[in-house]
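The structure appears right after this line, and notes come after that.
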Amino acid sequence: MKKKSLLFCCLMTVGAVLSNAKAFGGNELFEVEFDVRFSDPTGNLGGHPRTPVSIPSVTQDGHAFYFNNVGYDLELVLLDEDGDEVYYVPVPVGTSAVVLPSTLSGEYELQLYPTDSIYYFYGYVTL
């Protein structure tokens, strides 16, 4: 019975938080889903490392992107449908949010490059 009560309280709390965020921002919150790519531009790294990769948690609210517990510096790159870079911004460790210019609209590939890493993360967003 205690487990059901705890689960019910957790669900109600999450629902309240999401409805408040939606009421204040006016937009829906989306968790950006990332995949991982291997990047070795020099060819000197000798293949894929065998350690697991921790994918960052990023939530989108319109043109704002919220970084949840990302413990390393990132470079955010936005590519248009032709693969051209349309926006770049460094994201230092501890940054909680980045707001992209409101002049950007359409579908984009969002890439996150951790500094000193041979991996990068990519996902697709609509602005």
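For the pair His63 and Val86, label points projected 7 Å from Cα toward Cβ lie 1.2 nm apart.
Taking the square roots of five times each eigenvalue of the Cα gyration tensor of region 79-127, the equivalent ellipsoid has semi-axes of 20, 15, 9 Å, listed largest first. Placing a pseudo-label 7 Å from each Cα along the Cα-to-Cβ vector at Thr126 and Ser39 gives an inter-label distance of 2.6 nm.
The string of couplings for region 75-87 from the Karplus curve (6.51, -1.76, 1.60, θ = phi - 60°) is 10, 9, 10, 10, 10, 7, 5, 8, x, 8, 6, 10, 7 Hz, one whole number per residue in order, with x for Gly and Pro. Think of each Lys and Arg Cβ as +1 and each Asp and Glu Cβ as -1; about the Cα centre, that makes the dipole of region 46-111 roughly 480 debye.
Bear in mind these aren't lab numbers, they're just calculated from the coordinates by the rules spelled out. These numbers were taken from a predicted model, which means no experiment stands behind them. Positions of Cβ are backbone-derived with ideal geometry, glycine not excepted, and every protein chain shown enters the neighbour counts.
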